[in-house]
Amino acid sequence: MATVTLQDIRKSYGPTEVIHGVSIDIADGEFVVLVGPSGCGKSTLLRMVAGLESVTSGTLRIGERVVNDLEPAERDIAMVFQNYALYPHMSVRNNLAYGLKNRGFARAEIDRRVAEAAAMLEIAPYLDRKPGQLSGGQRQRVAMGRALVREPAAFLFDEPLSNLDAKLRIQMRVEIRRLQRRVGTTSLYVTHDQIEALTLADRLVVLNGGVVEQIGTPEEVFDR
Ligand code: ADP
Ligand code: ADP
């Protein structure tokens, strides 16, 4: 676990600045949701934290470490995508194990983490199936399992529920929150859905036109 700190972060694409000096302090174990209309810069901010986009200026810290110039794999974060990003040719078990194998973890440790994540996400019965043999909700659980087994300092969620139907979205929303409380991992979650933001967040960051418009607990943000 760790804090995540964005300090006066700016991003330009060519001559156009799209993120205009954003500062956010995420406490250890806190669940922060970035919410705002399409095009406000949510995904750009998240991708900068992940290391998938460069930071034009400002300082990005995970724990005490400045990570501006670190590769994604060096940042001790795990990201959950809306398109699941599962390997279609691999079993669920291998999808979960793959990142750990690449990082040179011992077999016993991999088996322990995979079993633990599978139990927590209730996907143990499907470990030998391929992603194509799973429902949308089960695939989303596997995607979360891949983040979980890494035991990272922070989770980054990029609209992870937007491909699910309304009923499943509500169910998974509850489960994501329960799971995060249980493991206590610092989380930054992006959504354009206000209800989702309200339900999930310890604190909300409302982004508009590349600046922070409001920041506070759901009560503070929605009560005005
Ligand atoms: P959101 O995730 O809130 O929908 P984005 O972070 O995707 O917003 O986009 C923020 C702004 O940055 C938008 O104006 C978008 O057009 C612009 N933008 C995003 N990616 C690029 C890119 N690769 N090149 C140029 N402009 C971009
Ligand atoms: P892991 O080690 O978490 O299993 P991979 O080795 O499959 O992840 O992927 C390495 C990195 O590639 C990820 O941490 C992420 O930064 C990037 N990546 C994977 N899937 C996607 C995607 N669907 N969109 C954008 N980036 C992705």
Which number in (1) at pLDDT 95 or above; (2) surrounded by fewer than 18 Cβ atoms within 10 Å (Cβ to Cβ); (3) within 18 Å of the chain's Cα centre (by Cα) marks the one condition that Ala153 misses? (2)
Can you work out which of the residues in the range 73-100 that are closer than 22 Å to Leu52 by Cβ and hydroxyl-bearing (Ser, Thr, Tyr) is least open to solvent (accessible area, probe 1.4 Å)? Tyr84
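How many residues does the range 178-192 hold that are open to solvent by less than 40 Å² (accessible area, probe 1.4 Å) and not in a helix (DSSP H, G or I)?
To start, the set of residues in the range 178-192 that are open to solvent by less than 40 Å² (accessible area, probe 1.4 Å) comprises 179-180, 184-191.
When the remaining residues are screened for being not in a helix (DSSP H, G or I), the result is 184-191.
Counting residues in the range 178-192 that are open to solvent by less than 40 Å² (accessible area, probe 1.4 Å) and not in a helix (DSSP H, G or I) gives 8.
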Members of the range 34-52 that are assigned to a loop (DSSP other than H, G, I, E, B), open to solvent by 70 Å² or more (accessible area, probe 1.4 Å) and within 16 Å of ligand 2 (Cβ to nearest atom): Leu52
Would you mind finding the one in Arg103, Arg112 that is open to solvent by 60 Å² or more (accessible area, probe 1.4 Å), within 11 Å of ligand 2 (Cβ to nearest atom) and out of contact with any Asp or Glu (no Cβ under 7 Å at 6 or more places or on another chain)? Arg103
Can you say whether Ala85 is in contact (Cβ under 8 Å) with a residue 24 or more places away in the chain and either polar (S, T, N, Q) or more than 16 Å from ligand 1 (Cβ to nearest atom) (or both), as far as the supplied structure shows? yes
The range 201-224, residues that are surrounded by fewer than 15 Cβ atoms within 10 Å (Cβ to Cβ) and in a loop (DSSP other than H, G, I, E, B): Gly209, Thr217, Asp223, Arg224
Counting just the residues of the range 1-23 that are polar (S, T, N, Q) and either modelled with pLDDT under 95 or open to solvent by 70 Å² or more (accessible area, probe 1.4 Å) (or both), which one comes out nearest to the chain's Cα centre (by Cα)? Gln7
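Out of all the residues in the range 19-30, is one or more within 14 Å of ligand 2 (Cβ to nearest atom) and not in a loop (DSSP other than H, G, I, E, B)?
Among the residues of the range 19-30, not one is within 14 Å of ligand 2 (Cβ to nearest atom) and not in a loop (DSSP other than H, G, I, E, B), which makes the answer no.
The values are calculated or read from the model by the stated rules, or taken from the named source; none is laboratory data. What you see is a predicted model, and the numbers here were worked out from it, not measured in a lab. Glycine gets a Cβ as well: all are built from the backbone with ideal geometry, and neighbour counts include every protein chain shown. The area values use the complete protein model at the heavy-atom level, side chains included, leaving out ligands, DNA and RNA. Shrake-Rupley method; radii C 1.70, N 1.55, O 1.52, S 1.80 Å.
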